[in-house]
Amino acid sequence: MLCRNSGQTSKGLRRLIRVRKSILAAAAALGLAGCGGHVGNFDTPNETGFSTLAHQLGFKSNDTPATNDTPAAPGKQVRHIVCPEVLILEGTAASQAYAGTPPSSANLRHQYSLTDTARECTLDGDQLAIKIGVAGKVLLGPAGSPGSFNVPVRMAVLGAHNNEPITSKLYHAAVTVPAGETQADFTIVSELLHVPFIQDHAEDDYSIKVGIDEGTGADKPASKAAKH
C-alpha cells in the first residue's frame, strides 16, 4: 500500500525534497486507490464559499441543488448534494526531473506541482456527475531551460467503503515556459465522471483523489454497479 512508503512533497525550490519515483509508479498501478491518506486538501473555500480555483472555473457551490434545470414542485423542498472533497494522494503532489545523480537542487531540471483543486457535483438521471478541476505549476531549476512540458495528472473517484477506484482518468496539461521565464501555470478540467448516485451527502459514499502520475496506469471507466 502507498501509505507505507509515502513520499514528501516540496514547498518550493529552496525546500526541494526528492519524490521517489517508485511511489509514483505504485500510485499509477493502483489507479490512485492508495490507503486514503493525503498530503493536503487544496480545495479550501474563500470568503464566498468557493475555492479560488472553483471561482475561476465558474464551478457551482459544492452544496448545490440536486438538479439544475428542473424547479422544485410547489411546497417541496429542494434537495442539495454535498460533494466529496478533493484529496491529493500522498507522494503525488509534486514530481521532479534532474540532470544528473545524485539528485540535488543544483542539478534540478524542472518540477511539476499541484497548487489548487476544485470540484462540482450534479445529478444526471440516477448517476452522480462529478467535474474536477486541478491547477498547478511547472518550475524550472538551475539545470532546466524554457520549453514545452507535458504534465500528467490522474483524477479518480473512489468508493468510501473500500477506497477502491470506481472511475479513474489520466489527463495531460501542455505547458510552455517562455524564454526569460522560470515558471508557468496550468489548469485541467475533467470531463463529467459518472458514478451511481446513492444519497445527497455524496461525501459519505465517495472520495476524490488527484495526483501527478508519471507511471503507466490505465484508465478505469465508471462501472454500472448497483447502488449500495
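A short reminder: the numbers here are calculations on the coordinates, not readings from a lab. The structure displayed is predicted, hence computed values, not measured ones. Ideal geometry is used to build each Cβ from the backbone, glycine not excepted, and the neighbour counts take in all protein chains shown.
Numbers for the structure displayed
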| item | result |
| --- | --- |
| Rg(Cα) / (2.2 N^0.38 Å) computed for the stretch 92-175, rounded to two decimals | 1.43 |
| Likely footprinting exposure, S95, S104, fewest C-beta neighbours within 10 Å first | S104, S95 |
| Residues D126, D204 arranged by fewest to most Cβ contacts within 10 Å | D126, D204 |
| Three-way shape label, the stretch 121-228, alpha-carbon gyration tensor, a/c 1.5 | prolate |
